[in-house]
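S.K.: Before I ask anything, let me first share the structure, which is written out below as structure tokens.
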Amino acid sequence: MDLQISGRTAIVMGASSGLGFGIARALAREGVHVGLLARDPSRLDTAAARLRDVSSTRISCIVADLASQDAVHAAIGAIQDEIGVPDILVGNGGGPPPGSAADFDAALWEAQARAMLLPVMTMTDAFLPAMRANGFGRIIMVSSTSVVEPIAGLVLSNALRAALANWGRTLAREVARDGVTVNTVMPGRFDTARVQTLHQSRADAEGRSAEEIRRRDLETIPAGRYGTPEEFGAVAAFLASPLASYVTGALIPVDGGLLHGH
Ligand SMILES: NC(=O)c1ccc[n+]([C@@H]2O[C@H](COP(=O)([O-])OP(=O)(O)OC[C@H]3O[C@@H](n4cnc5c(N)ncnc54)[C@H](OP(=O)(O)O)[C@@H]3O)[C@@H](O)[C@H]2O)c1
């Protein structure tokens, strides 16, 4: 299927590995000029080289730490210079640390709210007026099934992702007439560095092996396996396309059947 996005531009936050890389690859394969954003320049270069192996489209790299508002503003300038106004903005990044609701740490909440909410909102604020004027824009947020079914031991994810998703749903209705869609994609379990880190920290907390945690985790997934970044990227690329013009304000699970009743 031709997604009709060849020649479009995109910025993918958190694009050097995992789900962000899966999205960047799906977009690059469709001929989108993709800007990859992450902190580590050498991992970014490696990711860009991998994309150039599968696509002749232009790939740009933007080095930025999304936890710093100054860095987010500097990144916006770099994106404007390198790409212009992106047609497609993918809000993604590293996930928050584990934690329980009963153990409250105000400084941690403040820092994580900053790191998880402000980058996507600030980038959107920078590019939304031009997207609306152009009559085309795609804002796609990588979130988690925790938005609709809180995950034990991940209170920061459960609460802050729900806040961002509802910000997006509010925005979706405000800009729906301007050709701009805003959607939240909710990964279930994908075998990425992030999930391996979470398995290890749960294993340490429970005195079990990471392999045992992984086995138990797999049993909860109706599909019986983890998803792949390719499968995730395919859904995001569809949402980025004009074929998905009538999908907005949605919370879309990509989870092998994990969520019930959503
Ligand atoms: N994998 C899953 O099953 C799953 C499930 C639910 C939710 N999620 C969420 O989906 C998102 C992506 O997950 P993933 O599994 O793809 O993680 P990942 O493999 O660890 O990739 C994270 C990406 O974000 C970048 N990044 C991290 N912190 C950053 C920062 N402060 N500023 C800029 N870039 C940053 C990383 O590169 P650098 O380190 O070089 O910056 C990397 O490119 C996370 O928020 C995660 O919590 C994942």
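S.K.: Taking the options G168, G84, name whichever one is within 24 Å of L27 (Cα to Cα), touching a residue at least 60 places away in the same chain (Cβ under 8 Å) and either assigned to a loop (DSSP other than H, G, I, E, B) or in contact with a Leu (Cβ under 8 Å, 6 or more places away or on another chain) (or both).
M.R.: Details: G168 fails: either assigned to a loop (DSSP other than H, G, I, E, B) or in contact with a Leu (Cβ under 8 Å, 6 or more places away or on another chain) (or both).
Testing whether each residue is within 24 Å of L27 (Cα to Cα), touching a residue at least 60 places away in the same chain (Cβ under 8 Å) and either assigned to a loop (DSSP other than H, G, I, E, B) or in contact with a Leu (Cβ under 8 Å, 6 or more places away or on another chain) (or both) leaves just G84.
S.K.: Kindly check whether there is at least one residue in the stretch 30-53 that is in contact with a Gly (Cβ under 9 Å, 6 or more places away or on another chain), within 23 Å of G137 (Cβ to Cβ) and of a type in the set (D, E, K, R).
M.R.: No, the conditions are met nowhere in the stretch 30-53.
S.K.: Quick check, is V147 in contact (Cβ under 8 Å) with a residue 40 or more places away in the chain, within 16 Å of the ligand (Cβ to nearest atom) and of a type in the set (V, I, T)? Step through it out loud before you land on a result.
M.R.: On the way: in contact (Cβ under 8 Å) with a residue 40 or more places away in the chain: yes; within 16 Å of the ligand (Cβ to nearest atom): yes; of a type in the set (V, I, T): yes.
Taking the combined requirement at face value, the residue satisfies it.
S.K.: Of the conditions (1) open to solvent by 10 Å² or more (accessible area, probe 1.4 Å); (2) in a strand (DSSP E or B); (3) within 8 Å of the ligand (Cβ to nearest atom), G95 clears all except one; give me its number.
M.R.: (2)
S.K.: Do you know which residues across the stretch 65-88 are crowded, with 21+ Cβ neighbours inside 10 Å and within 14 Å of the ligand (Cβ to nearest atom)?
M.R.: Residues satisfying the conditions are L66, V72, A75, I79.
S.K.: With the requirement that a residue be touching a Leu at 6+ places or on another chain (Cβ under 9 Å) and either under 19 Å from A130 (Cα atoms) or not in a helix (DSSP H, G or I) (or both), what does the stretch 3-29 give you?
M.R.: Listed by number, the residues that qualify are L3, Q4, I5, R8, A10, I11, V12, M13, G14, A15, S16.
S.K.: Going through the stretch 112-144 one residue at a time, which ones are in contact (Cβ under 8 Å) with a residue 60 or more places away in the chain and in a strand (DSSP E or B)?
M.R.: R138, I140, V142
The values are calculated or read from the model by the stated rules, or taken from the named source; none is laboratory data. Computed from a predicted structure; not experimentally measured. With ideal geometry, Cβ positions are generated from the backbone for all residues, glycine too; neighbour counts draw on all protein chains shown. Just the protein is used for accessible areas: all its heavy atoms, side chains included, with ligands, DNA and RNA removed. Shrake-Rupley method; radii C 1.70, N 1.55, O 1.52, S 1.80 Å.
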